[in-house]
Every structure is written in structure tokens, then in C-alpha cells.
Amino acid sequence: MTEPVTTSIATQESAAVKIPRQRWQIFPPQVQQAQRMATVTQLSPLLAQVLINRGVQTPEQAWLYLDPETQQLPSPLDEFPDLLRSVDLLATAIEQGQKIAICGDYDADGMTSTALLLRALWHLGADAHYAIPSRMQEGYGINRRIVDDFHAEGVRLILTVDNGIAAYEPIAHAVDLGLTVIITDHHDLPEQLPPAQAILNPKLLSTSSPYYGVAGVGVAYILAVCLAQALHRSQDLTASSLELFTLGTIADLAPLVGVNRRWVRRGLQLLPKSRIPGIQALIEVAGLDQGKKALKPEAIGFRLGPRINAVGRIADPQIVIDMLTTEDVGIALQRAMQCEETNALRQRMCELIETQAVEWCEEQQAHGKLNLQQERVLVVVQPEWHHGVIGIVASRLVERYGVPVFIGTYEDKEKKEIRGSARGIPEFNVFEALQSCDDLLDKYGGHRAAGGFTFAAKKLRQVTSRLSHFACQHLQPEYLKPLVNVDVKANFADITLALYEQIDFLHPCGIQNNEPVFWTSLVNIIDQQIVGKDRKHLKLTLAHTHPETGQVTSIKAIAWRWAEYHPLPHQVDIAYKIRLNDWQGRQSVELELLGIKLAHPDLATGSIPPWSDESKRLNESPIVDTPGVKHKLATGSPPTTTMANQLAVTPKRPPGSLELPPVKEQSPKVAESRSINGSSSLPPPKAIDSLPVAATHAEFFYGKRRYVSTIEHANTQELQIRNWEGRLLIVQLPQRRGVLYVPGEPPEVVDLSDTYYFNLLRAGLNALELKQKTSLLIYKDELLAEKDELLKEKDSQIATLNQQVQILEDKLTQLSEAKQTAFQELQTELQQQQAAIANKEAHIVQLQTERPQRTLPPPDANVIKQEVRKALGDSVWFCIQADSQKDLCAAYRTYHMLQSEGADPDIADYSEAGIRLSFAVEREVMQPFFGDLYDFVRLEGLTEIGGIALGPHQRYTLGMMPSLLAAQWRTLKRDALTQQNKVPEKQLYRTFKNSQGLSQRDRELLAEFFEQWEHPMTACLGQKGKQAAASLDQISRLRNIAAHGESFLYEWHYILLRQLVVGGSNRRGLFRQIYGG
């Protein structure tokens, strides 16, 4: 596997910019190998690079990775030494009717393992029972109390799942009582294995075994399937067991490699159509019904898994076991709802504990009592925290502070015992850290990434000191920032639906087979909003210019838990995953941001192009690596010939007495200081001329020194001047700001009113203007020369045609008299046919002139456009989308066409015009309202409001909106709408009262939604709900008439609809109400 390069891209933090502290590890690009891999696999080169990053180096490995079913697997009976013995022991117990008891665990892996083996044993006719230790009173794993209870209940065989490998004393006690014990576990092996009759643990296998990475549920699945095959009763068992295996494997964060990836891929296809009532109920309450489509791993990891884990953390695991083993749909749904409620409680507890932990950390740091750079580990202990959820909080603190976190709470009111959880970073081994405190801890366990522990409260200071000492020995200071692993650099133009669909070939993604993470440089943040009920997330609109084609691509993005960094800088580099946005049948891609840093492009990719043959010959010269500055490489109009006028700076003396304000969003020491590669051996002057970019550039001399000035075609607001010592001056012309980059030194703002810099800039701009004028003159000469060549070619073609005509005439005179007579007869016949055609055409024209003439000529498109703009007002016109502008113009044009044709008012139908008006309302009002409302309520775990189902596949109508905005409103009478002529206003309207109304919960949600919604509609819909409801209801009713094929939209209907939408002499239309026109 290709190792990623640690780029130590520490996020720059200044007083003006606050962004997450991160370090990125970017895999080195293997361009040629990725291109070959892309050719073989027919994947995008971006995803081919991802395969290489995952250790896929050959075409054969690629095909096995993309289609894991083709891999030849060894039999698990040959891999697990005690598997055959375990099958024999269980088969004998079933045959003899012995009582079998399963000892499970309270996490997702343990509960799904327990349910899997219970279902399998019951299916095979076994007398099976289970027990799970109390998380609060007993902690993890089988214990002496459970063994004694099993023995008292007549159990003959104990089967542990997801635990037992470290429980030497309880297992020995069970064996002493004459019980048979089979251990199925996947945790790390202790120095002394328990004396069980059989042990199934993948850690006993070779690390190259495809079964090495299975979780506890994987061991249970292998045992269940092998037992069923041995008893010839595997039918109807394998599929349900595979579903539980998939659920437990992903929820337990097991590595998705080897058989895990192969089996999970199958299971994801089965889960949506599961025959297990509990899984179907869980999918339903989690809002994951995807029409029987295969689930993605993140659907389990972020939707199903947490609901199962929450029960194990703060409730009774029996809820999950009952849900996954019952065949009663009612019980399954009841248990699933309990999971949902427990998860909601768990979320609130996590939020509270995290807030308290962060407040404690910030306070300690503010008072100088906590220095994470020195201690390199965070130990936080507070009373009255629920130790069932502090592990989740530990993970969030690791994400926030980038150091290993040991978090604990007191187990008793006297605060004598501390119990906690630990989470680490990649360079830190949690289990070894706990081992270093062996003499201080009462109990501990875990693995490299996580662990648990208990110790006496009086030893807290010693434990903290020992952990800090261990961390200082194993962690370098540069490790103490949250790590973002990045696969490959991409342009936004590459982020398409096709690429998203290709990522499916890499699924299932998860631990050790991570979902692709892309990164893009020089991304502009167009819009950013804080969203979510708790106001903790950022919703963004991003734009990126392709560095070669100049194509500008914009895309939506979400940044979870980044609200505290709002507002983000205008231009950044980002790392992200690709997500699908499926809204009303319209699919598009959006980004989930994982990493961000200030933008620092490499000038080597955007410097000066060659403009002479000599410079082209020097194209292989070394390139000066210059500190990053903003670039926008795009095609566009060349700079104007008045560039010097943009620099409205008056020189002054003496220099240096005026300090300019810093560049926007940056402090004077604005960028990350980086040395310039190769500055000690710069290329010859003309070598720099060979660097390619879409820009105008000119060489000039000032003060007997040689410079090059550059201004990009797509960005005439930024001037660059560079000398041959590697110094670079960047000037933002309209803002009159300049930043000087000197090799090996931090960038600094310079005073442009200084005489030296003022004259230098004037010389640079004059050189650019001269270069542009010269280029235009050369281009003009080329066009004139091309014109002369075309004229010569045209004269030559005319001469050739004249010669051919003369030859034909000469041949005609040489024909015999009979042939000349026949030729004249053919000419006469041709003339007669042409005359007949002319007569028919004249008849057609006569028929056309007999049609009713237009009473008025229809106005042209520009006139109609101006009419619509005037009716709306420019403040509205420029706020609505281009498609809505077209629909409004089309409605007006259709109306004028009917009027100009003198249509009979009894049969004139304005339905087409009405439909186009309603299209604009649906696009501008309905779609953004329901789209943003769904984004808001799904953060609350809801999929409906006011009886209206929300979701990406739902179909909405305008008629759905009024009931969400008001309890009553003015509507149109149905019988009045059937009249051909408009009725008096008193007979036209009535008051409609919504009999059902909204629940208190829905009213509160909508009030909170309007409070947070950053859209011009907020004031109209939220504060004037009754008026907006009336307008939308009336528009909906008229739209339904227009859409109904058997009804007419009369002229008065259309005029009323137009007034409702656009407005009239005595009415402000809906668009004016929204945008304030």
C-alpha cells in the first residue's frame, strides 16, 4: 500500500481567521500508474488513485477488489482450529436437549451476535437462552455471578459472544462446575487463555487470513452457518444471519476487508427487504425506507447502529434482543420505537456532557492550568456523567483537540471510584498507555484505538501524570492536531453524478477501506449559513475555477459541527467526501466537508507562459517555487488598455510613513511562511518566461533591474510583479493593497503610496499595456493577411467556374441538330413545370391571406421582457432564477398572442399562460421552502410535519403550503371559478378554516424554522402567514384549472393569477411581497 505523505499542513490561525486546527496526510499521486489502472478498470483516474492508495497495485488485485465474490476463500473449518469441535459440541447439546445459554455483550456487536445465535439455535431446535451483564453494575464480559446463575438454571453449555477471551477466572469457575464453555470473541489475546473446551477467535489465525478481521458477530455468523450445514438445515437461516452480521459488523466499526467486505456487500442488498420484523421496524423508524434499494454502510453506521448502541449504553439490551428475535411485527415496532426514544435521549446526554467538557477544557486553558502541547493528552473527570455515553464524547474531544482523550466520571456518590473511556489518535496506542498505568488501575481493557478503565479517585493525579509521561514519549508535537487523510486532488468539474456512481464499485467502505476523500485547492465560498436545530452546522455554496479550462463550477456542501468557525474565509483549500442529494427525483452531488485550510497555491502552476521561440526551447528549466497567492485561472477578456488608471495611488515622500490596512481576511503576516525551493540556484531570466498560464505578461526594466509583470485574463484586478531574486509583489488594484513575498521570510503588506512602489507599479502596468497593444497589432496584421488569402482563393474559384461554363457552352454548340431540338424541348417542359409550381404557390398564398387577420401584431421578445421587468421591478427580476424569468415571459407572450389573434373569448383558453406562471411560483417558492424545511426537520430525526411527508422522493404541491402557514385564510369559491365572466368580489371569495390544524410540536418546529431560515421568503411566509396562505391557495386553485385538460382558464382567471403572482395596479404580487419589489 502506498503510504500517505504527512504534509504537515497545519491550519494557519490568525486573529482575523478561525478555522479548525488540522493536519492533512495526502497520498502521493501516482499519475501514470493511476491512468493505467483507470484504463484496465474503466474507472475514473481519481478512483484509480484511490485503489492504489488502498494497496491495489495490479489489474488482478483490482478485479478481486471490485468483485470480491471471485476470490477463492478457504473453508473456515480449516482456518479456525476449534471450529469443528465447537460444531460437534453444539450439535450434541441440541441432540440431547441440553440447555444452552449465551452470554452476550451490551454493545451493537454483542447484541447482534446474541440475536444471531439465538435465532440460529432456535431454528435448529435448541433450548437456548441468554444473559447480558449490567453495564452500570457489572461492566463488560462474563462474570462469576452469570456463571452461577446459569448453573442454577440447569445450563449445560455456555456460549460467549463478543467477550470471554480475557475472562480467565469466570471461565475456570464454569469448567470447575462441570459446564461446557465455547468462547467466541474477537478481542486481543491475553497472555493466558481461559480453560474453555473451545475458543473461536480470529486473533488466533494468521494475519493474512481473510477471516482475521471479523468482529464478534462475524465469529457468531461463521459458527451458526457451519452448525446449520452440519445439521443439513441451513435453508432460511443464512440470509437472516447475514443481515445481522452486516448490521453488527458496520456498527462495531470492524474493518471492511477480507470476508467482511464480501459478506457485508451481500448483506447490504438484503437489508432493505429483510424478513426479520425487527430490522424492518428499525429501518422504518430511522427513516431509511429507500424503496428496497441496497443500503450504504453510512446508513447503518449513522442511522441504524446508533439506535442499537444507544440501548446498550443507557437502557436494557433486552429491548434490542427482543426486537431482533421476535416474529411479531407489533412487538418489533414497539421495540424499535424504544430504540428511537433511547437514541434521542442519548443524543441529548452527549450534547450536554460535551458542552460541559469543552467548557472545562477552555476554562482550564484560559487560566493556564491545561497545556495540551506540553501534556499531549487530555484527562477530564467530572461528576454525574453517564459513563455509557462518555466514550462518544471522548471521540468528539479527539476530533476537536487532536490529542488522546481519557474521560471519566465517578461511579459512586462518595466520589471514591472513577470509571472512564479512552480514545486515541493514529500515532498513540491506548491499550499500551493503560498498561503503563497497570499498578494504578483497578481494571482496564481495550485495543490500540480505544479502551476502558476504572481506578480509585485518589489516584487521579498519578494517573494523569503517568498518561502524560507516556504521551510525551510516544507523540511528537506535530501529531497533536486532528488528522485528515486525503486520497487525491480533484477539480469541481470532475465531481459529477457519474463519479458518485462509480464510487459504488468501491463500496462497502468503512474501517481500513475508507470512503474516498478528495481535496480541491482555491475554492471560493460563495455563501455560508448556520443551520440545524442546535445551530451547530454550516451549509455552504462553493465555487471553483478549473485551472486549465477556466470552467467555473459551483456545488453545495455541508460541514457538520462547524458553526463555531462561521464565517469561514473567502478562499480556502478543502477536503471532502461526495454525497448524493436526491430531491423530488432530481439528483445532484454535494460535498461533506472534512478538512479546510487557508488557500496557498503554488505559483509554479500559474506563472508566465512562453512568448518566444527561445523561451520555448528553455521550457525544461527549473521552476521557482513561490509562496502561495490567490489565482483564478480562467479564460476571459484581455485586460483593458487603461490598466494604469486602476491604480489611483498618489506617491508621497518620505517613503514608509503610511501603513496600509491588511489584505482582506488576513493579518499582515498573512500566509504560512514557506521557503522557496531552489532559490539558491535560480533559472536564467528567460527560463521563467516558459512557465505556462492564461495571462498577459511583460518584461520591463526599472532602476536598472529586470522585472516581469503579470495580469491574468480572468482577473484584471490583481497585478503580479516578480524580479529575478525570487521576490514577488501581489497588488489588489481596486483596494490599492500590496503584499510582498520574500524567499524565506513571512509575507508582509507594503505601502503602495511609497514613491518606489508607485513608480514600479506604473512601469509594470505600462509594460503590460504596450505588450497588449503590440499583440493586438500583430493579430490585426494576421487577420489582414488571412483576408488577402481568402480573396485570392475566391478569385481563383470564380475563374475556374467561368472556364467550366465556357466549356459547357462550347459542347452544346457541337451537338447535332436533333439533340439540340430535344434539349430545347426539355427546357420548355422545365419552364412549364416551374410555371405550374408558381401557380400552386400563389394559390397557397391566397388561402393563407383568407385566414382572420391579427387585430394587433404581437410584441417581440424584448418588449415582452421589458414589460415583465417593469411589472416585477428590477429588485425582483434579478432575484429570481433565469428559468422563472423565461416562464413569466412565456406567460405574457402567450397572453399577447391570444389577444393579437382576435380570439373568440368564448373559446379562448389561457391555460398555457397560467401554467407558466405557476411554474415560476413552484420553482421560487415551493421548492426552496420544502427543500430547506426537510433539511431542518431531518436534523431532528423527523420525516413529516403537519401530516405532510417530507423527503427527497416526495412530490409537493402549492396546495400543501397554506396549512403550514395559517389556521384560516381567504380562498376562491369553487362555483365562482366555473363562471366564464368574473363575478363581483363579494361572490368570489370565502374564508377557509383548517379543521385539522397543526400540533403544538409542529407549530414550534415551524416557528424555529422561520427564525433560523435565511431566505427572503422568511418575512413573507413567517410573519405574514395568513396573507401568504391566501395567495398560495388561490394560485394553487387557478393552477389546477389550467392543468386540468377538460377545463378552460378564462381570461379573467389568467388576469387574477397574474396579479397574484406578479402584481397589478392595486395588488402587490407574491414575488413583490417576498423580495420587496
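The values are calculated or read from the model by the stated rules, or taken from the named source; none is laboratory data. Quick caveat, the model's predicted, so the values are computed rather than measured. Here Cβ is always computed from backbone atoms with ideal geometry, including for glycine, and neighbour counts include all displayed protein chains.
For residues in segment 308-367 being of a type in the set (Ser, Thr, Tyr) and touching a helix residue (DSSP H, G or I) at 6+ places or on another chain (Cβ under 8 Å), which is farthest from Gly388 (Cα to Cα)?
So the residue we want is Thr326.
Considering only helices (runs of 4 or more DSSP H) fully contained in segment 10-92, which possess at least 2 residues that are within 30 Å of Tyr565 (Cβ to Cβ) and in contact with a helix residue (DSSP H, G or I) (Cβ under 7 Å, 6 or more places away or on another chain)?
It comes to 45-53.
Can Tyr140 be described as surrounded by 14 or more Cβ atoms within 10 Å (Cβ to Cβ), modelled with pLDDT under 95 and not in a loop (DSSP other than H, G, I, E, B)?
no
Could you tell me whether Leu958 is modelled with pLDDT of 85 or more and out of contact with any Lys or Arg (no Cβ under 9 Å at 6 or more places or on another chain)?
no
With the checklist (1) closer than 30 Å to Gln528 by Cβ; (2) modelled with pLDDT of 85 or more; (3) surrounded by fewer than 18 Cβ atoms within 10 Å (Cβ to Cβ) in hand, flag the one item Lys993 doesn't pass.
Checking Lys993 against (1) closer than 30 Å to Gln528 by Cβ; (2) modelled with pLDDT of 85 or more; (3) surrounded by fewer than 18 Cβ atoms within 10 Å (Cβ to Cβ), the one that fails is (1).
Determine whether Lys771 is in contact (Cβ under 8 Å) with a residue 60 or more places away in the chain and part of a helix (DSSP H, G or I).
Judged against the criteria, Lys771 is a match.
Return the only residue of Leu66, Leu77, Leu117, Leu89 being under 24 Å from Ile511 (Cβ atoms), hydrophobic (A, V, I, L, M, F, W, C) and either at pLDDT below 95 or in contact with a Ser or Thr (Cβ under 7 Å, 6 or more places away or on another chain) (or both).
When all the criteria are applied, what remains is Leu66.
If I ask for residues that are touching a residue at least 12 places away in the same chain (Cβ under 8 Å) and part of a helix (DSSP H, G or I), which ones from segment 985-1006 would you list?
Passing the criteria: Gln987, Leu988, Asp1002, Leu1005, Leu1006.
If I ask for residues that are surrounded by fewer than 16 Cβ atoms within 10 Å (Cβ to Cβ) and at pLDDT 90 or above, which ones from segment 1-28 would you list?
Within segment 1-28, Pro28 is the sole residue that qualifies.
Looking only at segment 289-306, decide whether some residue is surrounded by 18 or more Cβ atoms within 10 Å (Cβ to Cβ), in a helix (DSSP H, G or I) and over 27 Å from the mean Cα position of the chain (by Cα).
No, segment 289-306 contains no residue that is surrounded by 18 or more Cβ atoms within 10 Å (Cβ to Cβ), in a helix (DSSP H, G or I) and over 27 Å from the mean Cα position of the chain (by Cα).
Looking at Arg1068 and the list (1) under 39 Å from the mean Cα position of the chain (by Cα); (2) at pLDDT below 85, which single condition is not satisfied?
The failed condition is (1).
Name the single residue, out of those in segment 92-114 being within 45 Å of the chain's Cα centre (by Cα) and aliphatic (A, V, I, L, M), that is modelled with the highest pLDDT.
The qualifying residue modelled with the highest pLDDT is Ile102.
Each row is one residue, and each column tells you yes or no for (1) over 17 Å from His1015 (Cα atoms); (2) out of contact with any Leu (no Cβ under 9 Å at 6 or more places or on another chain); (3) assigned by TED's automatic domain parsing to the domain that holds Phe992.
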| residue | (1), (2), (3) |
| --- | --- |
| Arg916 | yes, no, yes |
| Glu922 | no, no, yes |
| Phe929 | no, no, yes |
| Asp932 | no, yes, yes |
| Thr943 | yes, no, yes |
| Gly946 | yes, no, yes |
| Gln954 | yes, yes, yes |
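So is Glu327 over 30 Å from Val430 (Cα atoms), touching a Pro at 6+ places or on another chain (Cβ under 7 Å), at pLDDT 90 or above and surrounded by fewer than 18 Cβ atoms within 10 Å (Cβ to Cβ) or not?
Yes, satisfied.
So in segment 813-825, with the set limited to residues that are aliphatic (A, V, I, L, M) and surrounded by 10 or more Cβ atoms within 10 Å (Cβ to Cβ), which one is modelled with the lowest pLDDT?
Residue satisfying both the conditions and the ranking: Leu815.
Could you grab me the full set of residues in segment 152-178 that are of a type in the set (Asp, Glu) and buried (at least 16 other Cβ atoms within 10 Å of the Cβ)?
The one that is of a type in the set (Asp, Glu) and buried (at least 16 other Cβ atoms within 10 Å of the Cβ): Asp162.
Being in a strand (DSSP E or B) and in contact (Cβ under 8 Å) with a residue 40 or more places away in the chain is the filter here; which residues of segment 405-418 pass it?
Selection gives Phe406, Ile407, Gly408, Tyr410, Glu417, Ile418.
Search segment 848-878 for residues being in a loop (DSSP other than H, G, I, E, B) and touching a His at 6+ places or on another chain (Cβ under 9 Å), and hand back the single one that is modelled with the lowest pLDDT.
Leu856
Tell me, yes or no, whether segment 245-259 has at least one residue that is farther than 27 Å from Ala449 by Cα, small (Gly, Ala, Ser), over 24 Å from the mean Cα position of the chain (by Cα) and assigned to a helix (DSSP H, G or I).
Among the residues of segment 245-259, not one is farther than 27 Å from Ala449 by Cα, small (Gly, Ala, Ser), over 24 Å from the mean Cα position of the chain (by Cα) and assigned to a helix (DSSP H, G or I), which makes the answer no.
Please enumerate the residues belonging to segment 183-237 that are surrounded by fewer than 16 Cβ atoms within 10 Å (Cβ to Cβ) and farther than 25 Å from Thr325 by Cα.
If the condition is that a residue be surrounded by fewer than 16 Cβ atoms within 10 Å (Cβ to Cβ) and farther than 25 Å from Thr325 by Cα, then Asp188, Leu189, Pro190, Glu191, Gln192, Leu193, Pro195, Lys203, Ser206, Thr207, Ser208 are the ones that fit.
Matching residues to (1) outside any helix (DSSP H, G or I); (2) assigned by TED's automatic domain parsing to the domain that holds Ile711:
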{"residue": "Val739", "(1), (2)": "yes, yes"}
{"residue": "Asn759", "(1), (2)": "no, yes"}
{"residue": "Ala785", "(1), (2)": "no, no"}
{"residue": "Glu789", "(1), (2)": "no, no"}
{"residue": "Lys794", "(1), (2)": "no, no"}
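Pull up segment 1045-1075, narrow it to residues that are more than 22 Å from Cys889 (Cβ to Cβ) and in contact with a helix residue (DSSP H, G or I) (Cβ under 8 Å, 6 or more places away or on another chain), then point me to the one that is surrounded by the fewest Cβ atoms within 10 Å (Cβ to Cβ).
By that ranking, first place goes to Ser1047.
To keep it simple, each residue is scored yes or no on (1) surrounded by fewer than 17 Cβ atoms within 10 Å (Cβ to Cβ); (2) more than 15 Å from Gly959 (Cβ to Cβ); (3) assigned by TED's automatic domain parsing to the domain that holds Gly959.
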site: Thr978; (1), (2), (3): yes, yes, yes
site: Leu1006; (1), (2), (3): no, yes, yes
site: Phe1009; (1), (2), (3): no, yes, yes
site: Leu1032; (1), (2), (3): no, no, yes
site: Ser1036; (1), (2), (3): no, no, yes
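Can we say Gly278 is farther than 27 Å from Glu153 by Cα, in the same structural domain as Gly141 (by TED's automatic domain parsing), small (Gly, Ala, Ser) and surrounded by 21 or more Cβ atoms within 10 Å (Cβ to Cβ)?
no
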